Amino acid sequence: MNAPHLPLDVSAAVSEPSLEEAAMERLRTLYRADSRPWVVAFSGGKDSTVVLQLVFRLLQELGTEATKPVIVLSSDTQVEAPNVAAFVQETLQRIHEQAAAQGLPLVTQLVRPQPDESYWGKILGKGYPPPTRWFRWCTSNMKIKPSRRAVEEVTRTHGSVILLLGTRIDESSLRGRTMQARALNSRGLNPHHEIPNALVATPIADWGTDDVWEYLGTGPCPWGGTHSFLFGLYRQASGGECPIVFDLSTPSCGGSRFGCWTCTVVKEDKSMQGFIRSGEEHLQPLADFRDHLMVLREQPELRSDVKRNGLSGPGPFLPSTRQKILDELLALEQKVGFQLIGDDELRYIQSEWSGEFDFQGRLALDIAARYGRVIVAESDVVLSQCEDDLLELAAVEAEVHPDLLRRLIELRQRDFPSLDKWGAKKEFESAISEIVRKAATQEEEAVRV
């Protein structure tokens, strides 16, 4: 007897699970396969939200079987669009609270660049020009380094880690070709090509954009609330998310993606303009300042004519330019009513200026103080009134600037408290020579300006 024919739709339903069911089964198998901790890269965008939601539901489903740690890793460059930054931080807080309340082995971690890696640390401290498509120093310093430090800390503790990313084949033809070219092991993992002892899983690689939105729009969010704000962000920004970045193979977040409000990699920041057109008019001063930075970048008279490596060519912003930008940034901060630069960044900027041209060691801090930002420098050298008077007198007699003498005293007290160590005297003499050289350069630049 011939077997009865099943209707086509029933046959398909029996033979092929839904994308959600297939992804959940892959995650179940992967979670139970070994004891490696998971790191879920969460940007707050739609794709990473889907991955996190699948993982959260998996942990709920496993209950007491869920034992190995899951770290939800987010990155804050400190120049994110303010509405996006606030949304991500609030979401992380909600996830953390719900995971703790439900006894899930899931924690959240928000990483930030160190002051010397930060946007303002580079532009105002070192004098870097704002990033371009050809000199995209921002991604490496502000996103890759902080995220990789966090992952490498996990591998030091546990020996290995699995990164769960929300990358999808249909995001772009280039991304699709790259993902399909990677060698996968039997569990669908591929080794990260730059982070040792890290394997990468992409549980929604075969999902389409419509699949992502359909999933997010179906059922409640497992950590509470809804995705309505996320939907609104995409409508306003008219584009995709800016993902957590672990290597330079990830494209820039400029253009149609929402990312840093200072982004000068693209000619027009479509995401910020989308926010403003959708009612976020209070962001207009940030957009204007971003455009202002692009104009300053293209003015050679505002930059040194010698690069930091000593070769001729457009170099860092001049000291006077950096002071002007800092003043304008702090004025903007007062105008918009929320902080745009951190205290630690201001201290770092001052330390760079002190070593390069500000021998009194107060310029950046004094500019900040004019706008109500009172910052105490970590290396302030306090002289008594009598000592300061003697210093002024000695400077006049030696025909040198008193700030230069103050800088030399600070060098001796802070960096060379003892000259008994072998080689210390030679290092001290070399440091003195460098300070004097920079003082002469400062005088030359002041005359030129």
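Identify all residues within the stretch 312-338 that are more than 21 Å from residue 285 (Cβ to Cβ) and of a type in the set (A, V, I, L, M); write none if there are none.
318
Identify the single condition in (1) small (Gly, Ala, Ser); (2) under 15 Å from residue 166 (Cβ atoms); (3) surrounded by fewer than 18 Cβ atoms within 10 Å (Cβ to Cβ) that residue 101 does not satisfy, given that it satisfies every other one.
(2)
For the stretch 20-30, does any single residue satisfy the condition of being loosely packed, with under 14 Cβ neighbours inside 10 Å, assigned to a helix (DSSP H, G or I) and without any contact (Cβ under 8 Å) to a residue 24 or more places away in the chain?
yes
Between a residue in the stretch 304-319 that is on the phi < 0 side of the Ramachandran plot and any residue that is assigned to a strand (DSSP E or B) and crowded, with 18+ Cβ neighbours inside 10 Å, which pairs come within a Cβ distance under 8 Å, given they are 6 or more apart or on different chains?
As it stands, the answer is 304/317; 314/303; 315/303; 316/303; 317/303; 318/303, since those pairs meet every condition given.
Give the stretch 212-227 a look and list any residue that's farther than 21 Å from residue 96 by Cβ and either crowded, with 18+ Cβ neighbours inside 10 Å or outside the structural domain of residue 171 (by TED's automatic domain parsing) (or both), or say none.
212, 215
Of the conditions (1) touching a residue at least 40 places away in the same chain (Cβ under 8 Å); (2) among the β-branched types (Val, Ile, Thr); (3) closer than 17 Å to residue 104 by Cβ, residue 50 clears all except one; give me its number.
The failed condition is (3).
List the number of the failed condition for residue 60; all other conditions in (1) closer than 20 Å to residue 161 by Cα; (2) at pLDDT 95 or above hold.
Result: residue 60 fails condition (1) only.
Listed here are the residues, each with its yes/no results for (1) in contact with a helix residue (DSSP H, G or I) (Cβ under 7 Å, 6 or more places away or on another chain); (2) in contact (Cβ under 8 Å) with a residue 60 or more places away in the chain; (3) closer than 19 Å to residue 316 by Cα.
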| residue | (1), (2), (3) |
| --- | --- |
| 121 | yes, yes, yes |
| 124 | yes, yes, yes |
| 133 | no, yes, yes |
| 141 | yes, no, yes |
| 145 | no, no, no |
| 153 | no, no, no |
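Count, please, the residues in the stretch 106-122 that happen to be outside any loop (DSSP other than H, G, I, E, B) and buried (at least 18 other Cβ atoms within 10 Å of the Cβ).
7
Kindly provide the set of residues from the stretch 212-230 that are part of a loop (DSSP other than H, G, I, E, B) and of a type in the set (Val, Ile, Thr), ordered by number.
218, 226
If you take the residues in the stretch 136-172 that are of a type in the set (Val, Ile, Thr) and not in a helix (DSSP H, G or I), which one is surrounded by the fewest Cβ atoms within 10 Å (Cβ to Cβ)?
Taking the candidates together, the pick is 167.
Quick test of your reading of the structure: residue 381 fulfils all but one of (1) surrounded by fewer than 17 Cβ atoms within 10 Å (Cβ to Cβ); (2) at pLDDT 70 or above; (3) not hydroxyl-bearing (Ser, Thr, Tyr). Name the failing condition by number.
(2)
Going by the conditions given, is residue 318 of a type outside the set (Lys, Arg), touching an Asp or Glu at 6+ places or on another chain (Cβ under 7 Å) and either modelled with pLDDT under 95 or buried (at least 16 other Cβ atoms within 10 Å of the Cβ) (or both)?
When the stated conditions are applied, residue 318 passes them.
Counting only residues that are assigned to a helix (DSSP H, G or I) and within 17 Å of residue 354 (Cβ to Cβ), how many does the stretch 123-135 have?
So the answer is 3.
Look at residue 86 and say whether it is part of a helix (DSSP H, G or I), modelled with pLDDT under 95 and not acidic (Asp, Glu).
yes
I need the full set of residues from the stretch 189-211 which are of a type outside the set (A, V, I, L, M, F, W, C) and part of a loop (DSSP other than H, G, I, E, B), in order please.
192, 193, 194, 196, 197, 202, 203, 206, 208
The values are calculated or read from the model by the stated rules, or taken from the named source; none is laboratory data. Worth saying up front: this structure is predicted, and the values here are computed from it rather than measured. Methodologically, a virtual Cβ is constructed for each residue, glycine included, from the backbone with ideal geometry; neighbour enumeration extends over all protein chains shown.
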